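Asks: Dumping the structure here so I can ask a few things about it.
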Number of protein chains: 2
Amino acid sequence: MIPEHTLDEALKDLFANIQFQPTPEGLYDPLRYMISIGGKRIRPRLCLTTYGIYQSELTPQILEPAAGLEVFHTFTLIHDDIMDRSPLRRGHDTVWKKWNEDTAILSGDVMCIDAYKRIAKAPAAVLPEALALFSKTASEVCDGQQLDMDFEKRSRVSMNEYMQMIGLKTGVLLACSAQMGALIGGADKWSQECFYEFGYYLGLAFQVADDYLDAYGDQKVFGKPIGGDILNGKKSWLTVKAQEMGADGLEEALAAPAVTEEEKSAKIARVKAIYDSVGIADAARKAIGDLSTRAVFKGTDAGMDASGHQALKDFAHSLIGRTM
Amino acid sequence: MIPEHTLDEALKDLFANIQFQPTPEGLYDPLRYMISIGGKRIRPRLCLTTYGIYQSELTPQILEPAAGLEVFHTFTLIHDDIMDRSPLRRGHDTVWKKWNEDTAILSGDVMCIDAYKRIAKAPAAVLPEALALFSKTASEVCDGQQLDMDFEKRSRVSMNEYMQMIGLKTGVLLACSAQMGALIGGADKWSQECFYEFGYYLGLAFQVADDYLDAYGDQKVFGKPIGGDILNGKKSWLTVKAQEMGADGLEEALAAPAVTEEEKSAKIARVKAIYDSVGIADAARKAIGDLSTRAVFKGTDAGMDASGHQALKDFAHSLIGRTM
């Protein structure tokens, strides 16, 4: 078992010292930039956590694949930000905004390839499985982004469809991260699958929590302005659930234009009043709780001792605890 | 040794029956479309050719990686066409033109991942090498595209710089294809490196030939209108060489606007007259001949019998012969 503070230190070092090719600068500077503006490193942390349940030493054979998961995630952010026309990411300009769209496309591409280079550092004995897991996941993440864009064009999306979409967009990469650590750590196939499920449901809980905090969070803790999804008319767990619960006037309220700060505040208040009328906040907190309970229930079925169980619970709490 | 007509049949089958995930259709239809509009399948053909020097049976362990090389190449075309704002590819609409830019970005991404899935079908015993070779090459292709875009902003590019750029953009993927076939076929390390060099110089010869044919080719054989590079003011081997040879007035002639068909013909004629004044056509034919001779010289240093030598010569001739 590797203690949490050792993982913290290792993650800090890993991303403070991550190397990308120096030139052409126009191609690789955006990679350095995106890693430098931070992020919670959730995926590599999860990968190292499940690895640490089985092993006591961190080597490049686990650290590089763990970094690869973050690099891949960051690549998807660069391309998603082009497609979503998002000017800001973690409080900084997005790559297409800071450079241009062509740079964002090509730097994203080379970042995806860089992720594969790191995944390929997994021990040769498990490389075929590690690679198959990663590639399956990577294409599912693209499927999820496509569904997300397809859903934006539709007026109604069912809760099943929404959960499938966030499962692909967010769940599978956390699932892959949890399984990857266990695979490289030497866990048996059954246990690997338990960790996969752990990551998957935790990813769902995390995404629903993100949707919830966008409307009900504390801006200081959440890290971005409250009500962004509402102002952008974005489909979220809250809108899908509210429609399912028969909330009145939601579509009109979300479609209403809001330009001035006053109009924006009024729009957020109007939508939240509709949410409140059907009790969305409670429903969301319950769903988040159920999903993370389910994650821990699935994960702790893996073959490991009590300290492993505790590590999973701690991880789930640190990720989801902020909501509850 | 696998006879050429067997490779022809196998390649036809491979791409006629290539499978991509059925849904989401908006994501995978562009992949099917791009493969269906054809292409010469040079990279998989080269891969199967060097494999066929060592083995007599085609199995999925070579056919899938060979397909992966074509899939990767096609992914780069989808993204390059966005960056170059090209409306046509092989006489058909490009993906961003037929669908839209977001689709071209995301379908390209999933196509790159699909390429990795196919490369990963290489035999486990050589998978780490196959993967390292492929990823190194893949990022170099991005480096080449970046240099190409960087060069467009500069008024002068040296011949060394130009050859380095086309080496990255075109040379390394042919080199990788030739080495991949030999690696999976069981060739020793030295022979693999000889095939790499064969592919690399052949790629350079191929790109210079493409530049040459753009000005001096027969439209029916070349497959696209003559003078495209001139009208787009694109840097090519011809412009770089002509500048190096001290051609007068080339920059002005390339920068001249041309809207009507008459103006376009006049612009092409004017630039070609400058080329002719320094004897560019002969210089290009000599360079192409030298590069393909060098390719064959390097390649035939690999450990193989006389039929292998002949296979490399035939491949080089079929690829470059159209120019000479």
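No lab work stands behind these numbers, since they all come straight from the coordinates. Everything numeric in this text was worked out from a predicted model, so none of it was measured. Every residue, glycine among them, receives a Cβ derived from its backbone with ideal geometry; neighbour counts consider all protein chains shown.
Asks: What are the trypsin sites (Lys or Arg not before Pro) within segment A:1-105 that DSSP puts in a loop, where the Cβ has at most 16 other Cβ atoms within 10 Å?
Replies: Here the sparse-neighbourhood loop sites are A:Lys40, A:Arg85, A:Arg90.
Asks: Still on this structure, I have one more. Given a cut-off of 49 Å, what percent of all Cα-Cα pairs of the protein assembly as shown lie beyond it?
Replies: 20
Asks: Defining the label point at 7 Å along Cα→Cβ, can you sort the distances from A:Arg32 to the same site in each other copy, shortest first, in nm?
Replies: Copy-to-copy label distances at A:Arg32, shortest first: 4.4 nm.
Asks: So if I place +1 on the C-beta of Lys and Arg and -1 on the C-beta of Asp and Glu, and nothing else carries charge, what would the dipole magnitude of chain B be about its Cα centre? I want it in debye, nearest 20.
Replies: The calculation lands at about 240 debye.
Asks: Round to a whole angstrom and tell me the spacing of the C-alpha centers of segment A:126-195 and segment B:30-61.
Replies: Segment A:126-195 and segment B:30-61 have Cα centres separated by 30 Å.
Asks: Using the alpha-carbon centroid of each, what span in Å lies between segment B:232-306 and segment A:199-244?
Replies: Result: 57 Å between the Cα centres.
Asks: Using only alpha-carbon positions, what ratio does the radius of gyration of segment B:6-50 give when scaled by 2.2 N^0.38 Å? Walk me through the numbers before you get to the answer.
Replies: Numbers: Rg = 12.1 Å, N = 45, 2.2 N^0.38 = 9.3 Å.
Normalised Rg, Cα atoms only: 1.30.
Asks: Label position 7 Å from Cα toward Cβ: report the copy-to-copy distances for B:His309 in nm, one decimal, ordered from shortest.
Replies: 7.3
Asks: Then there is this: From Cα pairs below 8 angstrom and at least 6 apart in sequence, can you work out the relative contact order of segment B:1-91, rounded to a whole percent? List each step's numbers first, then the result.
Replies: Values: 51 pairs, mean separation 33.8, N = 91.
This gives 37 percent for segment B:1-91.
Asks: When only Cα pairs under 8 Å and 6 or more residues apart are kept, what is the percent relative contact order across chain A? List each step's numbers first, then the result.
Replies: Working: 443 pairs, mean separation 57.8, N = 324.
After rounding, I find 18 percent.
Asks: Under 17 Å from the Cα of A:Lys224, which aspartates and glutamates turn up, not counting those fewer than eight places away in the same chain?
Replies: Once the sequence-local aspartates and glutamates are set aside, what remains near A:Lys224 is A:Asp81, A:Asp84, A:Asp93, A:Asp210, A:Asp211, A:Asp214, A:Glu261.
Asks: Using the Karplus curve 6.51 cos²θ - 1.76 cosθ + 1.60 with θ = phi - 60°, work out ³J(HN,Hα) for each residue of segment B:195-208 in order, rounded to whole Hz, and write x for Gly and Pro.
Replies: With coefficients 6.51, -1.76 and 1.60, one gets 5, 4, 4, 3, x, 4, 5, 5, x, 4, 4, 4, 6, 4 Hz.
Asks: What would the Debye equation give as log₁₀ I(q)/I(0) for chain A at q = 0.13, 0.15 Å⁻¹, counting only Cα atoms as equal point scatterers?
Replies: -0.99, -1.27
Asks: Please give me, ordered by residue number, the trypsin sites (Lys or Arg not before Pro) of segment A:119-184 that lie in loop per DSSP and have at most 15 other Cβ atoms within 10 Å. Mind showing how you got there, number by number?
Replies: On the way: sites: A:Lys121, A:Lys136, A:Lys153, A:Arg154, A:Arg156, A:Lys169; in loops: A:Lys121, A:Lys153, A:Arg154, A:Arg156.
In loop regions of segment A:119-184 (DSSP not H, G, I, E or B), the sparsely surrounded trypsin sites (Lys or Arg not before Pro) are A:Lys153, A:Arg154, A:Arg156.
Asks: Another question, then. In terms of the Cα gyration tensor, with a ≥ b ≥ c the square roots of its eigenvalues, is segment A:103-166 rounded because a/c is under 1.5, prolate because a/b exceeds b/c, or oblate?
Replies: oblate
Asks: Moving on. Straight-line reach from A:Lys189: which lysines have a Cα under 26 Å away, not including same-chain ones fewer than 8 places off?
Replies: A:Lys117, A:Lys121, A:Lys136, A:Lys169, A:Lys298, A:Lys313, B:Lys117, B:Lys121
Asks: Show which lysines lie in cross-link reach of A:Lys12 when reach means a straight Cα distance below 17 angstrom and same-chain residues fewer than eight apart are skipped.
Replies: Straight-distance partners of A:Lys12: A:Lys40.
Asks: If you average over every viewing direction, what projected area does the convex hull of the Cα atoms of segment A:1-120 give, in nm²? Intermediate values should be presented prior to the final figure.
Replies: Working: hull surface 28.4 nm².
So the Cα hull casts an average projection of 7.1 nm².
Asks: At 222 nm, what value in deg cm²/dmol follows for the protein assembly as shown if DSSP H runs of at least 4 each add -39500 (n - 2.57) and the sum is divided by all its residues, to the nearest 500?
Replies: -23500 deg cm²/dmol
Asks: Under a Cβ-only charge scheme (Lys and Arg +1, Asp and Glu -1), can you give me the dipole magnitude of segment A:190-286 about the Cα centre, in debye to the nearest 20?
Replies: In total the dipole reaches around 140 debye.
Asks: Which percent of the Cα-Cα distances in segment B:199-249 go past 12 Å?
Replies: The calculated P(r) of segment B:199-249 puts 66 percent of pairs beyond 12 Å.
Asks: How large is the direction-averaged shadow of the alpha-carbon convex hull of segment A:173-311, in nm²?
Replies: The orientation-averaged projected area of the Cα hull of segment A:173-311 comes to 9.7 nm².
Asks: Still on this structure, please answer the following. Can you tell me what percent of all Cα-Cα pairs in segment A:127-229 are more than 15 Å apart?
Replies: Working: 3522 of 5253 pairs.
In whole percent, the share of Cα-Cα pairs in segment A:127-229 beyond 15 Å is 67.
Asks: Could you derive backbone 3J(HN,Hα) for segment A:88-104 from the dihedral phi with the Karplus parameters 6.51, -1.76 and 1.60 (θ = phi - 60°), listing whole Hz in sequence and x where the residue is Gly or Pro?
Replies: Computed from phi, the couplings for segment A:88-104 are 10, 9, 6, x, 10, 4, 6, 4, 5, 6, 6, 9, 7, 5, 4, 4, 5 Hz.
Asks: Now a separate question. Given label points at 7 Å from Cα along Cα→Cβ, what nm distances, shortest first, separate A:Glu9 from the same residue in every other copy?
Replies: Label-point separations across copies, in nm and ascending: 6.4.
Asks: Whole percent per 5 Å bin, from 0 to the bin with the longest distance: what is P(r) over all C-alpha pairs of segment A:217-290?
Replies: Bins of 5 Å from zero give 3, 16, 26, 26, 19, 8, 2, 0 percent of pairs.
Asks: Also: Quote the charge dipole size of the protein assembly as shown about the Cα centre in Debye, to the nearest 20; the model charges only the Cβ of Lys and Arg (+1) and of Asp and Glu (-1).
Replies: Value, rounded to 20: 80 debye.
Asks: Short version: ³J(HN,Hα) in whole Hz for each residue of segment A:26-34, in order, from phi by Karplus 6.51 cos²θ - 1.76 cosθ + 1.60 (θ = phi - 60°), x for Gly and Pro, what are they?
Replies: Calculated HN-Hα couplings, in order: x, 8, 9, 4, x, 5, 4, 4, 5 Hz.
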